[in-house]
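Rule-based calculations on the coordinates, nothing more; no lab input. From a predicted model like this one, the values you see are computed outputs, not experimental measurements. Note: ideal-geometry Cβ built from the backbone for every residue, glycine included; neighbour counts use all protein chains shown.
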Amino acid sequence: MDRAHRGWKQGALGLALVLPPLLVLVFLIVVPAISAIVTTLTPPGGSGPTTSFVNYAEVLATRMLRADIGFTVTVTLVSVAVVFLLSYPLALYLRFTRTRATAILGVLFIVPLFVPVVIASFAMITFLVNHGLVSTILYRLGFERFPRLVYNATGIVITQVWVNIPFAVLILGAGLQAIDDSLVDAARDVGAGSLRTFFSVILPLNITSTMITLTLQFIGIFGSFTIPYLVGGNAPQMLGVTMTDYLTQYLRRTESATLAVIAFMIAAVVGVIYVLSVSRRERGERVVR
Amino acid sequence: MTVAVAIALVMFLFGVFGSGGVGAQGPVTLNVYINGDTNIFDLWNKSLLPAFMKRYPQYRANFVALLHGEGSQGVLDKILAAKQAGRTTDVDLWETQPSFVTQGEPQGLWVKLTTALIPNLSRVPTQKLVATDYYGMPYRGSSVVLAYNTAFVKNPPKTFDDVVAWIKANPGKFAYCDPNTGGSGQAFMVAAVYKFVQAAQFAGGTYDPKAESAWEPAWQLLKDLNSSMYNNGFYPNGNVAVLQLLSQQNVYMASVWSDMGTDYLKRGLLPKTVKLEQITPPLFGGDSTVTVPAGSAHLEGVFQLLNWVLTPEAQQIVINQVSGYPGVDWQYMPASVRAQFAEVAKPYSPLPNSQYLADMLRLWHERVAGSK
């Protein structure tokens, strides 16, 4: 009886602790999301409780918006790929090499994490514009013509990569820390080269961190606003900017909400991959125990 | 959310303490709510209000800043709530967007301004007052004008068609900002639209999306200009970015706000060879107005303040500080001021109403920027 009572008390305490974030989730995310979805399913003119996909058809029929959706997905995939290709070697280096240089590098790589995105964006603009440092160096090296580096997709990708590398390295590194040195040594002992060791031992053992990095980066970059707003061009634009323009500049709330739902569905696909990879790790751990 | 709450709290505190000084013996405190950017706050807080208080020591001013209109809805709700409760409001003067004034009109929230209340109102051109239904007093204005660098442009264009011809003849040397990011770009876009339609049809209060098909040739015109624009059709982000291109001589001609351009020239941020000029038909412009809530407890003081704001002394402060146009007719300004603004101080086109403007912005993005 006493134990049951204590159990109930603990349950109530747990509920009380979970309640504030739960209420925030319900009232500030779930309810507005549902009302937005209802808006998008109501045909313009809003006569009666009919449900239709006419808003979606209209949005997808607009060439400009299709271009924006495609642009957003492409820029996001390219950014994630570049971040991944640059941060994995860095994470491996920091994990498996122990020199003074590693220690310094380990502090340096994290710096972008402490620079606000707005400042990073403006820094990138000054760095990459027509008369900026990069252009001047390229020009001095004898390149008369080179592609524009800012106010387009290139600028967005460069800035996203700069901003996102620390986070990727931290997550990948956390996973790598958990790999037993002896496994790597064993692979080396039986004659595996660096690449073989990476693909046959390290990557499979670190697959959860890898998937988390890829999916979180995708969702973060996909939904970004500040960087594409400041560093991007006039058109096409990333969805964050397009949605804001439709809401505040063009006074078209329904189109904006429709775009948001489309963006959400794209992100949800990636979200499912994330959940699957995280839950697989948890099942795996249970088996080991 | 938290910002709105904080602003509401601040306004509440200001409300409580701001009206504390009211009494037969002490000076009367006027609560002045100003919407704008920091330059406008400085204009009121550091120049206009101190000068007013010096001249009329019986008044004190309590200045409330609404940065970029933040919290305006709250101010309107507050005035409305006071009216419905049959009480006075502590907002004595409000500078805000026309849309908020329009919202409060049916409830009779504002004082209809007349020369009986504010004698100097007779100096304000009538059409400016008509445009606000006599609910707003224009005290400063600006318009978009053409800026060009005389070092490179020997025969400046005089008309909009001349500008278009110049752009085609000098590819890459003209810029207007993305209309989504600044009024100076909007003005160029609107000028192209007004070339093919009657401005008055889209400036009034009516809205009919079907009429927008008449804009078609304008999008074609602007789209054709894409390849002759700066950087092969790149539209910079905001009014300031265009001024910077002009100052770095990346472009030789651009559309800019008269007040910003004048201010940049005054501060030496633009080459001395840059000149500002209005073209025909003119680019658009507008006046900033202040509105008096009918529920104000200090109407007499507010009218005193407004009457003073329209004196040459106060209007000179406006011109010196933000390079705006005066609210009063130019004839009431000294000859030196008229000479300074001679090239730009001409009539300007009206702004399209907000719904048409929103549609123009969307269509520009689809048909001009998105067509590359």
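Give the long-range amide H neighbours of residue A:234: residues separated by 5 or more places, or on another chain, with amide H under 5 Å away, using H modelled in the peptide plane at 1.01 Å from N.
B:235
From other protein chains only, count the Cβ atoms within 10 Å of every residue's Cβ in A:235-242, then give the mean. Mind showing how you got there, number by number?
On the way: counts 11, 4, 4, 0, 0, 0, 1, 1.
What the average comes to for A:235-242 is 3.
Please average, across the residues of A:129-137, the number of beta carbons from any other chain that are within 10 Å of each residue's own beta carbon, and give a whole number. Let's see the in-between values first.
Numbers: counts 0, 4, 2, 0, 0, 0, 0, 0, 0.
Partner-chain Cβ atoms within 10 Å, mean over residues of A:129-137: 1.
Using helices alone, I'd like the mean residue ellipticity at 222 nm for chain A: each DSSP H run of four-plus residues gives -39500 (n - 2.57), total over residue count, nearest 500.
Only helices count here, giving -23500 deg cm²/dmol.
Compute a Gaussian network model of chain A, connecting alpha carbons closer than 10 Å, and tell me which residue from A:20, A:32, A:89 fluctuates the most.
Residue with maximal mean-square fluctuation among A:20, A:32, A:89: A:20.
Defining a contact as two alpha carbons under 8 Å apart and six or more residues distant in sequence, what relative contact order in percent does chain B show?
Values: 601 pairs, mean separation 93.9, N = 372.
Rounded, it is 25 percent for chain B.
Relative to the present Cα-Cα distance, how much length would full extension add between residue A:185 and residue A:249 at 0.36 nm per residue of separation? Don't skip to the answer; put the middle values down first.
Values: separation 64, 0.36 × 64 = 23.04 nm, distance 5.98 nm.
Contour length minus Cα-Cα distance gives 17.1 nm.
Take A:170, A:65 and order them by how many other Cβ atoms sit within 10 Å, fewest up front. Could the numbers behind the result be given before it?
Details: A:170 17, A:65 22.
Least to most surrounded, the residues fall as A:170, A:65.
With each pseudo-label sitting 7 Å past Cα toward Cβ, what's the residue B:340-residue B:300 distance in nm, one decimal?
3.6 nm
Between B:60, B:140, B:362, find the one with the highest GNM mean-square fluctuation for chain B; connect C-alpha pairs within less than 10 Å.
The residue that fluctuates most here is B:362.
I'd like the antiparallel share, as a percent to the nearest 5, of DSSP beta bridges with both residues in chain B. Let's see the in-between values first.
Values: 20 of 37 bridges.
Percent antiparallel among DSSP bridges in chain B is about 55.
For segment B:172-299, just say rounded, prolate or oblate: build the C-alpha gyration tensor, square-root its eigenvalues into a ≥ b ≥ c, call rounded for a/c under 1.5, and beyond that prolate if a/b exceeds b/c, oblate if not.
Oblate shape, in that a/c is at least 1.5 and b/c is the bigger or equal ratio.
If you put +1 on each Lys and Arg Cβ and -1 on each Asp and Glu Cβ, how big is the dipole of chain B around its Cα centre, in Debye rounded to 20?
700 debye
Considering only the protein assembly as shown, what is the antiparallel percent among its DSSP beta bridges, to the nearest 5? All intermediate terms of the calculation are to be shown ahead of the outcome.
On the way: 20 of 37 bridges.
The answer is about 55 percent antiparallel.
Considering all alpha-carbon pairs of chain A, what whole percent are spaced by more than 34 angstrom? Let's see the in-between values first.
Values: 16667 of 41616 pairs.
Taking all Cα-Cα pairs of chain A, the fraction more than 34 Å apart is 40 percent.
Amide H to amide H under 5 Å from residue B:110: which residues, 5+ apart in sequence or cross-chain, H placed 1.01 Å off N in plane?
B:294
Taking θ as phi - 60°, what are the ³J(HN,Hα) couplings along segment A:128-137 by the Karplus curve (6.51, -1.76, 1.60), each to the nearest whole Hz, with x for Gly and Pro?
Values, residue by residue: 9, 5, 2, 9, x, 4, 4, 4, 4, 5 Hz.
At 0.36 nm per residue, minus the direct Cα-Cα distance, what do residue A:61 and residue A:99 gain on full extension? Give it in nm, one decimal, please. Present the calculation step by step, with values, prior to reporting the outcome.
On the way: separation 38, 0.36 × 38 = 13.68 nm, distance 5.73 nm.
Extra length available between residue A:61 and residue A:99 comes to 7.9 nm.
Would you mind ranking B:99, A:79 by Cβ crowding within 10 Å, fewest neighbours first? Please report the intermediate quantities before stating the final value.
Numbers: B:99 11, A:79 26.
The most exposed by this proxy come first: B:99, A:79.
Explain nothing, just compute: Karplus ³J(HN,Hα) = 6.51 cos²θ - 1.76 cosθ + 1.60, θ = phi - 60°, for every residue of segment B:29-46 in order, whole Hz, x for Gly and Pro.
Couplings: 9, 9, 8, 10, 9, 10, 9, x, 9, 4, 5, 6, 4, 4, 4, 6, 6, 9 Hz.
Place +1 on the Cβ of every Lys and Arg and -1 on the Cβ of every Asp and Glu in chain A, take the dipole about the Cα centre, and give the residue among A:36, A:171, A:229 whose Cα lies farthest towards its positive end.
A:171
Under a Cβ-only charge scheme (Lys and Arg +1, Asp and Glu -1), can you give me the dipole magnitude of segment B:178-249 about the Cα centre, in debye to the nearest 20?
Values: 3 positive and 5 negative charges, 19 e Å.
The dipole of segment B:178-249 has a size of about 80 debye.
Local charge sum around residue B:325 (other residues, Cβ-Cβ under 9 Å, Lys/Arg +1, Asp/Glu -1)? Don't skip to the answer; put the middle values down first.
On the way: positive: B:140; negative: B:259, B:287.
Neighbourhood net charge equals -1.
Counting only other chains, and only Cβ atoms inside 10 Å, what mean value do you get across the residues of B:355-362? List each step's numbers first, then the result.
Working: counts 2, 0, 3, 7, 3, 1, 4, 9.
Taking all residues of B:355-362 together, the mean is 4.
Please find the FRET efficiency linking residue B:42 to residue A:8, where r is the Cβ-Cβ separation and R0 is fixed at 51 Å, and quote it to the nearest 0.05. Walk me through the numbers on the way to the answer.
Values: r = 62 Å, r/R0 = 1.22.
Efficiency at R0 = 51 Å is approximately 0.25.
Rounded to whole Å, give me the distance from the Cα center of segment B:336-366 to that of segment B:103-164.
10 Å
What does the charge add up to near residue B:39, with Lys and Arg as +1, Asp and Glu as -1, over the other residues with Cβ less than 10 Å from its Cβ? Write out the running numbers ahead of the final one.
Details: positive: none; negative: B:37, B:42, B:259, B:263.
For residues surrounding residue B:39, the net value is -4.
For chain A, set up a GNM with springs between Cα atoms under 10 Å and report which of A:155, A:191, A:175 has the largest fluctuation.
A:191
Report the charge-dipole magnitude of segment B:134-181 in Debye, nearest 20, computed about the Cα centre from +1 at each Lys and Arg Cβ and -1 at each Asp and Glu Cβ. Numbers along the way, then the final one.
Values: 5 positive and 3 negative charges, 32 e Å.
It works out to roughly 160 debye.
With a ≥ b ≥ c the root eigenvalues of the C-alpha gyration tensor of segment A:132-229, is it rounded (a/c under 1.5), prolate (a/b larger than b/c) or oblate? If you can, show how the numbers build up before the last one.
Numbers: a/c = 3.82, a/b = 1.81, b/c = 2.12.
Note, shape of segment A:132-229 comes out oblate.
What FRET efficiency comes out for residue A:279 versus residue A:82 if R0 is 25 angstrom and r is the Cβ-Cβ distance? Round to the nearest 0.05. Write down the numbers at each step before the final one.
Values: r = 28 Å, r/R0 = 1.14.
In this case the efficiency is close to 0.30.
Taking +1 at the Cβ of each Lys and Arg and -1 at the Cβ of each Asp and Glu, which of B:364, B:84, B:248 sits farthest along the dipole of chain B towards its positive end, judged by Cα position relative to the Cα centre?
Working it through, the farthest residue towards the positive pole turns out to be B:248.
In this model, which of B:154/B:272; B:46/B:128; B:223/B:275; B:168/B:195; B:154/B:266 are farther than 19 Å apart at the alpha-carbon? Don't jump to the answer; show the numbers that get you there.
Numbers: B:154/B:272 15 Å; B:46/B:128 27 Å; B:223/B:275 27 Å; B:168/B:195 17 Å; B:154/B:266 22 Å.
Distance filter (> 19 Å) returns B:46/B:128; B:223/B:275; B:154/B:266.
Pull up all non-local amide H partners of residue B:325: gap of 5 or more, or a different chain, and H-to-H distance under 5 Å with H placed in the peptide plane.
B:141, B:142
From the phi of every residue in segment A:215-221, what ³J(HN,Hα) in whole Hz does the Karplus formula 6.51 cos²θ - 1.76 cosθ + 1.60 yield, where θ is phi - 60° and glycine or proline is x?
6, 5, 4, 4, 5, x, 6
Please report the relative contact order for segment B:230-281, taking Cα pairs under 8 Å with a sequence separation of at least 6, and give it as a percent rounded to a whole number. Provide the component values of the computation, followed by the final result.
Values: 24 pairs, mean separation 14.2, N = 52.
Taking the mean separation of contacting Cα pairs over the length of segment B:230-281, I get 27 percent.
Quick one: net charge around residue A:246, please, counting Lys, Arg +1 and Asp, Glu -1 for every other residue with C-beta under 11 Å from its C-beta.
Numbers: positive: A:252, A:253, B:362; negative: A:68, A:245, A:255.
Neighbour charge sum, excluding residue A:246 itself: 0.
Can you tell me, using C-alpha contacts under 8 Å and at least 6 residues apart, the relative contact order of chain A as a whole percent?
Values: 256 pairs, mean separation 70.6, N = 289.
24 percent.
Taking the simple approach of a point 7 Å from Cα along Cα-to-Cβ for both residue A:73 and residue B:155, what is their distance in nm?
Roughly 5.3 nm, to one decimal.
In terms of the Cα gyration tensor, with a ≥ b ≥ c the square roots of its eigenvalues, is segment A:1-149 rounded because a/c is under 1.5, prolate because a/b exceeds b/c, or oblate? Please report the intermediate quantities before stating the final value.
Numbers: a/c = 3.24, a/b = 1.26, b/c = 2.57.
Because a/c hits 1.5 or more and a/b fails to exceed b/c, segment A:1-149 counts as oblate.
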